[in-house]
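Below is one structure, written out as structure tokens, with a few remarks after it.
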Amino acid sequence: MISYQTDGVRMPRLKKRENNAWIKDVAASYGKKIGEIAYIFCSDEKILEVNRQYLRHDYYTDIITFDYCEGDRLNGDLFISLDTVRTNAEQAGASYDEELRRVIIHGILHLCGIDDKGPGEREIMEAAENKALRRITHPKKR
């Protein structure tokens, strides 16, 4: 089950049924099934608080993924700062909706085992994000 919650921000406009099907499709492409996934949309201040409290990091970020996966079943809490999503979209010259989809799937890709902190991993993550984004924008072209 995929749930969507907010903490101090308005719920972004999402086509939840379409979004859920896309997330399940991407997970399946990695041999994974969706268990309990909670998206928590929040502000920069909230994500900074979560980053400090749980990860001991003192910086803003677009997403924090808490991984509770069991075997091939994806479970996790994904905190997304809508403030940072908006800023990143502006800096990348992308629409807010495009950047939000990228961040939504970024967390799922982390749960599928793709990292982005080590040497060369950022490029692997970006390629995986782009491939996943093509699945929603062109569902028949895989």
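In table form, for the structure just shown:
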| item | result |
| --- | --- |
| Scope region 24-69; condition of a type outside the set (F, W, Y) and within 15 Å of I114 (Cα to Cα); matching residues | V26, A27, A28, S29, G31, K32, I63, I64, T65, D67, C69 |
| Top-ranked residue of region 78-127 - restricted to ones that are outside any helix (DSSP H, G or I) and among the β-branched types (V, I, T), ranked as farthest from the chain's Cα centre (by Cα) | I114 |
| Subset of region 1-57 (residues that are of a type in the set (A, V, I, L, M, F, W, C) and assigned to a helix (DSSP H, G or I)) | A21, W22, I23, V26, A27, A28, I47, L48, V50, L55 |
| Evaluation of A92 against (1) among the hydrophobic types (A, V, I, L, M, F, W, C); (2) in contact with a strand residue (DSSP E or B) (Cβ under 6 Å, 6 or more places away or on another chain); (3) surrounded by fewer than 16 Cβ atoms within 10 Å (Cβ to Cβ) (one fails), failing number | (2) |
| Test: residue in region 61-76 that is more than 22 Å from M1 (Cβ to Cβ) and either of a type in the set (A, V, I, L, M) or touching a helix residue (DSSP H, G or I) at 6+ places or on another chain (Cβ under 7 Å) (or both) | yes |
| Only listed residue being more than 28 Å from E90 (Cα to Cα), over 17 Å from the mean Cα position of the chain (by Cα) and either among the hydroxyl-bearing types (S, T, Y) or crowded, with 17+ Cβ neighbours inside 10 Å (or both), chosen from Y59, Y54 | Y54 |
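Every read-out reported here was derived from the displayed coordinates using simple, explicitly stated rules and does not represent laboratory data. Predicted model, so just to flag it, every value in this text is computed and none were measured. Every residue, glycine among them, receives a Cβ derived from its backbone with ideal geometry; neighbour counts consider all protein chains shown.
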